[in-house]
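Q: Here it is, the structure in full.
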Amino acid sequence: MTQTAPPLTPGPEAGPETWDAVVVGAGPGGLTCAAYLAANGKRVLVLEANQVVGGSTQVFRRAGNKFEFDVGTHYVGECGPGGRMQTALSGLALTERIKWLRQRPEGHCQIMIPGTTFQTPTGWDTYLERLIAAFPDEEQGLRRCVDVMRTIATRERPRRRVFSLLRWGVRPITTLMAACGLSADAQAVILAENGDYTWPPHRTPTAMHAGFLNHYLQAGAYYPRGGGQVIGAHLTDVVQSYGGRVRTKARVEQILVEGGRATGVRLQGGEEIRAEVVVSAADFKKTWAELVGDEHLTRKLRRKLDGLEMTLPMFAVYVALDVDLRERDTPPLAWVWPNNDVDGYYREVAAGRCPEQMPVGISCPTAKDPEGTHSAPPGYSTLELVSWAPKDYEFWNVESGPADGGSYGRDERYLQLKEELTQRVLDTAQLMIPDIRERMVFCEASTPITQERFTLTTDGSCYGIAPLLKNLGPFRPRVTTHIPGLFLAGGSTEHMFGINATIYGGMGTAGAVLGRDLVQEVTDGAVFVDEARLTEITEDFDPLLASKPGSVIRRPVRRRPRATA
Ligand SMILES: Cc1cc2nc3c(=O)[nH]c(=O)nc-3n(C[C@H](O)[C@H](O)[C@H](O)COP(=O)(O)OP(=O)(O)OC[C@H]3O[C@@H](n4cnc5c(N)ncnc54)[C@H](O)[C@@H]3O)c2cc1C
């Protein structure tokens with residue numbers, strides 16, 4: 001079946017000369033901000049360098065559209081009733097269009113380290129119980145460690161929270177665990193999911209790790225029905241249904257600052273677009289260093305950029321199997337560590353080496369969304385296997401990054417390394433799926449260079465600026481800037497990274513632009529979108545098609561059986 005994408009955007013001649021707001025980058029942060037601005041009467045233009053909207057939440061299809069893979073939508077917290085995701089989507093009337101599927105309430109993520117298998121539950125009490133059951137000799141230390149993290153991450157005990165925050169929250173999570181006398185195995189289980197922010201434990205403040213655990217422990221983990229692309233597709237629809245425009249293949253080269261004020265942008269190719277307000281939802285470092293430019297930076301900002309570290313980039317392997325893993329009850333989400341030295345792995349990667357044994361996060365979209373229509377035909381499974389690897393171009397034998405026009409895809413050393421790391425990732429995944437190689441009918445890998453190419457992030461980073469103390473809480477970049485008319489959105493801002501945070505934060509940035517407390521208004525029940533104005537969703541709605549204005553996609557619709565195996 002061949003479909004031509006609907007003309008989602010009006011032609012250039014229909015657009016105004018000057019926009020109220022230009023948003024740079026169509027990731028979840030930029031698109032949510034744009035959707036809220038459009039729904040509040042602003043004329044908004046979103047400019048996206050890639051040919052698909054969604055940023056790291058985009059999907060891609062392979063093998064003649066037989067298999068679909070998520071880049072960065074594996075599991076998301078706080079999506080249940082009353083959660084921040086529902087709040088942020090409710091103001092845009094999108095809660096029925098972007099539906100979140102709860103993942104295994106009894107244990108959403110399986111953690112495997114040698115000798116121990118642990119199911120991450122919902123709720124701090126159950127979490128502690130399971131840790132004690134796994135390590136009965138360490139009950140006292142586990143109680144203390146979990147109590148500190150829980151106190152810091154939740155608002156349950158406000159007075160003690162201040163004390164715990166000052167005493168432990170600012171210190172590395174490894175310091176707390178050592179003070180609690182935890183064994184290497186217990187530490188590894190508590191840290192095992194930290195590939196969700198790819199930062200070494202010995203450099204991670206306890207407050208950061210506790211907040212991360214709480215993100216999933218408070219109400220479980222979720223996955224969007226239909227895959228990650230539904231996020232970009234529906235947010236784009238709001239923007240365009242409310243008079244805005246989303247342009248893909250439109251890379252911003254410069255944010256124009258005139259008379260000390262942001263006045264618009266210049267695209268690669270020279271086209272200039274004027275706007276009252278510019279919102280950059282692109283990479284934080286590149287926004288300032290490249291798009292705005294050194295001459296407009298404050299001394300303080302220049303200092304911050306000089307020493308700014310990014311979270312580590314990922315190496316991902318996308319696999320399709322000719323077996324439906326639901327038949328085997330394989331967990332849809334897992335982290336597998338071939339050894340218990342979590343910090344040790346980071347130290348190696350930081351030194352520019354990639355150890356033989358790589359930790360792997362396993363995500364199985366066909367199991368997370370059994371009714372998903374695009375992920376794979378019945379009888380097949382798709383897997384996204386993620387790990388992390390050195391960022392340096394030398395490691396990958398690449399001279400300059402793809403963002404600067406560097407080419408790499410045919411370099412023999414690059415391809416050889418990619419193959420070697422793919423095999424290491426499969427070795428680890430095999431610990432959970434022993435016949436993964438025998439059942440594999442498709443396999444493709446992506447490197448930090450690939451991530452840089454498709455999202456233009458510094459170092460190919462997946463989660464933005466590093467969660468060091470100097471980048472957290474009051475020290476994290478605000479969405480307002482020292483340049484009037486210039487705002488920020490996305491994962492490196494005060495609202496933090498991850499899909500939930502960037503969507504919620506996009507609403508916050510829109511509020512800052514409008515000079516209103518939009519978050520409070522929406523929390524109080526304000527809805528700015530009339531669903532009747534949005535595009536009608538038919539049975540064969542294809543989120544990828546809706547996210548690629550003007551493209552032609554050959555798409556065989558393959559429905560998976562509704563009944564679970
Ligand atoms: C492999 C991986 C796994 C992940 N897993 C999870 C997960 O399980 N759960 C979770 O919550 N989060 C996960 N994340 C993180 C999550 O996807 C990000 O935090 C989120 O997408 C960040 O949104 P953003 O809007 O800040 O930026 P991005 O998603 O990075 O989007 C930025 C967009 O801006 C565009 N852009 C950049 N520069 C320019 C320019 N100059 N001109 C025009 N456009 C530009 C880029 O092309 C991109 O589309 C994962 C990320 C990755 C990569």
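The values are calculated or read from the model by the stated rules, or taken from the named source; none is laboratory data. Quick caveat: nothing in here was measured; it's all calculated off a predicted structure. Cβ coordinates were reconstructed from backbone atoms using ideal geometry, including for glycine residues, and neighbour counts include every protein chain displayed. Ligands, DNA and RNA are stripped out before the accessible areas are found, and what is left, the full protein with its side chains, is counted by its heavy atoms. Shrake-Rupley method; radii C 1.70, N 1.55, O 1.52, S 1.80 Å.
Q: Under the rule that a partner needs its Cβ under 4.7 Å from the first Cβ, which Cys of the chain have none?
A: Result for the chain is Cys33, Cys79, Cys109, Cys354, Cys364, Cys443, Cys462, no neighbouring Cys Cβ within the cutoff.
Q: Place +1 on the Cβ of every Lys and Arg and -1 on the Cβ of every Asp and Glu in the chain, take the dipole about the Cα centre, and give the residue among Ile483, Tyr345, Met440 whose Cα lies farthest towards its positive end.
A: Of Ile483, Tyr345, Met440, it is Ile483.
Q: If Leu101, Leu385 are ordered by their accessible area, calculated over protein heavy atoms with a 1.4 Å probe, which sequence runs from highest to lowest?
A: Result of the area sort, largest leading: Leu101, Leu385.
Q: Which ³J(HN,Hα) values in Hz, rounded to whole numbers, follow from the phi angles of the range 287-300 under the Karplus curve 6.51 cos²θ - 1.76 cosθ + 1.60, where θ = phi - 60° and Gly and Pro get x?
A: 3, 7, 6, 10, 6, 8, x, 4, 5, 9, 8, 7, 4, 4
Q: Residues of the range 377-391 with amide nitrogen under 20 Å from the 7 Å Cα-to-Cβ point of Leu468?
A: Zone members listed by number: 389-391.
Q: Further question on the same structure: Working with all protein chains in place, sort Val22, Val519 by solvent-accessible area computed with a 1.4 Å probe, largest first.
A: Ranked list, largest accessible area first: Val519, Val22.
Q: In nm, to one decimal, how far is the modelled label at Lys286 from the one at Arg274, with both set 7 Å along Cα→Cβ?
A: Taking the two extended label points, one gets 2.8 nm.
Q: Here is a follow-up. Given a Förster distance of 41 angstrom, what is the FRET efficiency for Gln51 paired with Arg303, based on the Cβ-Cβ distance and rounded to 0.05?
A: Given R0 = 41 Å and the Cβ-Cβ separation, E is 0.65.
Q: Note the full-extension length gain between Arg171 and Ala532 as 0.36 nm times their separation in residues minus their Cα-Cα distance, in nm to one decimal.
A: 124.9 nm
Q: Could you work out how much longer the chain between Arg157 and Phe541 gets when fully extended? Use 0.36 nm per residue separation minus the Cα distance between them, nm to one decimal.
A: 133.6 nm
Q: Any chance you could run the full-extension gain for Gln119 through Thr523? It's 0.36 nm times the residue separation minus the Cα-Cα distance, nm to one decimal. It would help to have the intermediate numbers written out before the result.
A: Details: separation 404, 0.36 × 404 = 145.44 nm, distance 3.28 nm.
So the chain would gain 142.2 nm between Gln119 and Thr523.
Q: What FRET efficiency comes out for Glu129 versus Lys99 if R0 is 41 angstrom and r is the Cβ-Cβ distance? Round to the nearest 0.05.
A: Efficiency, rounded to the nearest 0.05: 0.85.
Q: Mind ranking 455-468, 390-403 by how tightly packed they are, going by the mean number of other C-beta atoms within 10 angstrom, highest first?
A: Per-residue mean Cβ counts within 10 Å order the peptides as 455-468, 390-403.
Q: While we're on this one: Of the options Gln240, Gln140, Pro370, report the single residue whose Cα projects farthest towards the positive end of the charge dipole of the chain (beta-carbon charges: Lys, Arg +1; Asp, Glu -1).
A: Gln140
Q: Run the quick spin-label model on Glu253 and His296: label points 7 Å from Cα toward the beta carbon, then report their separation in nm to one decimal.
A: For the pair Glu253/His296, the computed spacing is 1.6 nm.
Q: Charges at C-beta only: +1 for Lys and Arg, -1 for Asp and Glu. How large is the resulting dipole of the range 40-176 about its Cα centre, in Debye rounded to 20?
A: 580
Q: Helix-only estimate, please: 222 nm mean residue ellipticity of the chain, summing -39500 (n - 2.57) across DSSP H runs of length 4 or more and dividing by its residues, to the nearest 500.
A: Result for the chain: -8500 deg cm²/dmol, rounded to the nearest 500.
Q: Counting pairs on different chains as well as pairs 8 or more places apart, how many Lys pairs in the chain have Cα atoms under 15 Å apart?
A: Lysine pairs, 8 or more places apart or on different chains, close enough: 8.
Q: If amide H atoms are built 1.01 Å from N in the plane of the peptide, which residues on other chains or at least 5 residues away come under 5 Å of the amide H of Gln119?
A: When sequence neighbours closer than 5 places are left aside, the close amide H contacts are Ile111.
Q: Now for a separate question. Considering all alpha-carbon pairs of the chain, what whole percent are spaced by more than 31 angstrom?
A: Working: 73522 of 159330 pairs.
Value for the chain (Cα pairs over 31 Å): 46 percent.
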